[in-house]
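Single-structure report; data block below.
The values are calculated or read from the model by the stated rules, or taken from the named source; none is laboratory data. It should be emphasised that the depicted structure is a prediction, and the values quoted were computed from it without experimental measurement. Here the Cβ positions follow ideal geometry from the backbone for every residue, glycine too, while neighbour counts run over all protein chains shown. Side chains are part of the model used for accessible areas, which takes the heavy atoms of the whole protein and leaves out ligands, DNA and RNA. Shrake-Rupley method; radii C 1.70, N 1.55, O 1.52, S 1.80 Å.
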Amino acid sequence: MSKTAEIQDFLNKEVAMILRLKESDVNENSSLNDLGINSMAFVELLIAIENKFGVQLIQAGITQTDLSSLKALALRIEQEL
Amino acid sequence: MTTRQNNPRRFYLSGIDWIVQGMQYNCQAAPGGDYQFLIILHLAGTPDTEKLRGCLNKLQTMFPLLSGKLRRNWFNLAPYWQAPRQTVPKNILTVVDIHEPDMEQACHQYLTGFLNTPFKADMPKLAAMLLILPDGSSRLALSFDHCLFDAAGGEQLVTVLNDLWRGAEPDASDFMTAEGPWLNEWRHQFTCGRTVNRSELAIRKQGIPSVLGRNSGDTNRYILIQLDEADFAALARRADIEAGPMMLTPFLVATIQEALHRIFSRRGGSNSICICPMTVSLRQGRRDELFFNRWSIMPMYSSANNTHEERLKQQVGLFYNYMKTKLPYSLSKACLLCRPLPLPVIARFSQKPFSAGTAAIALLSQMEFDSATLLGEEVKELYHVPRIPPSPGLGVFMNRRGSRLNITLSWTDGIINDDELEILASAIPQAAKPT
């Protein structure tokens, strides 16, 4: 599995768990806004990313564009690795 | 580890529930009502009052917990809520026809009175008031005892009421689970206590928290501020730009804190820091979370000397770090250690700056009651009005309803004057305007 695919898989599972959705409801094109994420759930996701990949996205200056889809977020994480 | 109880009439209180009992004690020690909150619904029409009364009676039969009492285990002192064996439904609905020319003012007066009416000892911990307006619309207010419900639980009960109205026969056991008494996780509770203690020490290093002072304690009052879809979208955009994407909550906290600092600055006091205990939900999204309190606190503080940018950065940092260190979870677990204490001691504990502070803040960002209709009538609006304990005496409660934001300012008489109230009331609507 490539690094991007690994990150993507992690994000799909983590977002589904945090938002209590079925994994099948989450895919690489899902937007966090459309999935109904709020500040607290978003911070939970950022902490999970930090724990897994050691990337502090909040310090790195994450933007709305990075959150347009889970694919965009995965690419941003890969950039920071 | 949590153990399930076999006795379905005995519901052990969590640590947060015991803190809420302390707040209830403080409210009862001052004139006015209990520690309760209203959920107010604006309905496009007027529901059949007798059918509504029937549904409220069914709720009482379905949930004997509503007519329960606080008890303590004689052996380990663990407090629990005891449901009665049988429940005889009582009339908990008050119907008022509004004839006054100023309908809004009249509604506000009735609802303020309702907010300040304590539950009678022999009545259930739920009451309802239906205000029928001359234009055919109505306002339904449900009064919830905070010892039994939190805000999301209150909305869940509104959903059950709606189901009963529609003829459904929900199973009561789906909505409540007896747990506890959590007597087998002492080491974990002490570990959580250490996390809480570290956070408290870190806050103490920041300075002396500002408090609004003594109130006359007669009445709890409230005003409602509403942001429509366009204003709320503008506010969210500004929060995205200034605080970072998805950082609406820290942005709102910073905005409220700035207004509080302006108020203290006008008073001319030596204002160092504001502490705003912000409630956060610990719900797991299960159906059986209807009863009792499933939240915890993040003590959000800021210095008077900070610039707007510094304050935003600080709130985002606090929010992130509290989540990372699992402070809200730790606090809820550590509070279990307090349960052997007598209620008057807990009442004093619940007034400490860490838990009371300058003003309480709550944001309900997820709707538990999301139906477009209630009791067969279109729901025009839904908002929460909490009664605030004498300390801190001021609270800001926000709830999202669709694409709108409702903000309720709730305070005890005398704690804040009209000019100061205007500063606070205009803070969030102004933040939604272009700068």
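Per residue of region B:360-370, what does 6.51 cos²θ - 1.76 cosθ + 1.60 with θ = phi - 60° give for ³J(HN,Hα)? Whole Hz please, x for Gly and Pro, Karplus curve as stated.
Residue by residue, region B:360-370 yields 8, 10, 9, 10, 9, 8, 10, 7, 7, 9, 10 Hz.
List the residues, sorted by chain then number, that are 5 or more residues from B:A78 or on another chain and whose placed amide H is less than 5 Å from its amide H.
B:N73
Cβ neighbours within 10 Å, averaged per peptide: list B:100-109, B:222-231 in order, most packed at the top.
My ranking of the peptides, most packed first, is B:222-231, B:100-109.
Grab the eigenvalues of the alpha-carbon gyration tensor for region B:215-334, scale each by 5, take roots, and send me the semi-axes largest first in whole angstrom.
For region B:215-334, the semi-axes come out at 25, 20, 18 Å.
Take the alpha carbon gyration tensor of chain B, find the square roots of its eigenvalues, order them as a ≥ b ≥ c, and report rounded if a/c is under 1.5; if not, report prolate when a/b exceeds b/c, else oblate.
Taking the square roots of the gyration eigenvalues as a ≥ b ≥ c, chain B is oblate.
Decide, for region A:3-80, between rounded, prolate and oblate: order the square roots of the alpha carbon gyration tensor eigenvalues as a ≥ b ≥ c, take rounded if a/c falls under 1.5, and otherwise choose prolate if a/b is larger than b/c, else oblate.
Rounded shape, in that the Cα axes give a/c under 1.5.
Which shape class applies to the protein assembly as shown: rounded if a/c is under 1.5, otherwise prolate when a/b exceeds b/c and oblate if not, where a ≥ b ≥ c are the square roots of the Cα gyration tensor eigenvalues?
Taking the square roots of the gyration eigenvalues as a ≥ b ≥ c, the protein assembly as shown is rounded.
Computed on protein heavy atoms with a 1.4 Å probe, what is the summed buried accessible area for the chain pair A and B, in Å² to the nearest 100?
The contact between B and A buries close to 1700 Å².
Would you mind working out the magnitude of the charge dipole of chain B relative to its Cα centre, with +1 at each Lys and Arg C-beta and -1 at each Asp and Glu C-beta, to the nearest 20 Debye?
Rounded to the nearest 20 debye, it is 2140 debye.
Quick check on chain B: helices-only [θ] at 222 nm, where DSSP H runs of length 4 and up contribute -39,500 (n - 2.57) each and the sum goes over total residues. Nearest 500, please.
About -11500 deg cm²/dmol.
For region B:51-134, count all C-alpha to C-alpha pairs, find those more than 17 Å apart, and express that count as a whole percent of the total. Mind showing how you got there, number by number?
Numbers: 2053 of 3486 pairs.
For region B:51-134, the share of Cα pairs beyond 17 Å comes to 59 percent.
Using the Cα centre as the reference, give the magnitude of the dipole from point charges on the C-beta atoms of region B:180-306 (Lys, Arg: +1; Asp, Glu: -1; all else neutral), rounded to the nearest 20 debye.
The dipole of region B:180-306 has a size of about 520 debye.
Test of the criteria: in region B:3-111, which chymotrypsin sites (Phe, Trp or Tyr not before Pro) are in a DSSP loop and have at most 11 other Cβ atoms within 10 angstrom of their Cβ?
Loop-located and lightly packed - B:W74, B:F75.
With r defined as the distance between the Cβ atoms of B:T373 and B:D218 and R0 fixed at 41 Å, what FRET efficiency is calculated, to the nearest 0.05?
After rounding to 0.05, the efficiency reads 0.60.
Of the accessible area of the protein assembly as shown, with the probe set at 1.4 angstrom, what percent is carbon plus sulfur?
50
Cross-link partners among aspartates and glutamates for B:K51, C-alpha distance below 16 Å, same-chain residues fewer than 8 apart left out?
B:D163, B:E169, B:E377
If you count, for every residue in A:32-44, the Cβ atoms of partner chains within 10 Å of its Cβ, what is the mean?
5
Only loop residues by DSSP count here, and only those with at most 12 other Cβ atoms within 10 Å; note down the trypsin sites (Lys or Arg not before Pro) in region B:172-275 that meet that. Present the calculation step by step, with values, prior to reporting the outcome.
Values: sites: B:R187, B:R194, B:R198, B:R204, B:K205, B:R214, B:R221, B:R237, B:R238, B:R262, B:R266, B:R267; in loops: B:K205, B:R214.
Loop-located and lightly packed - B:K205, B:R214.
Mind listing the phi-derived Karplus ³J(HN,Hα) values for region B:230-244, rounded to whole Hz, using 6.51, -1.76 and 1.60 with θ = phi - 60°, and x for any glycine or proline?
Along region B:230-244, the couplings run 5, 5, 5, 5, 5, 5, 5, 4, 5, 4, 4, 6, 8, 9, x Hz.
How big is the accessible area of A:D34 in square angstrom, nearest 10, if you roll a 1.4 angstrom probe over the protein chains?
That residue has around 130 Å² of solvent-accessible surface.
When DSSP assigns beta bridges and you keep just the ones with both residues in chain B, what percent turn out antiparallel, to the nearest 5?
On the way: 58 of 72 bridges.
The answer is about 80 percent antiparallel.
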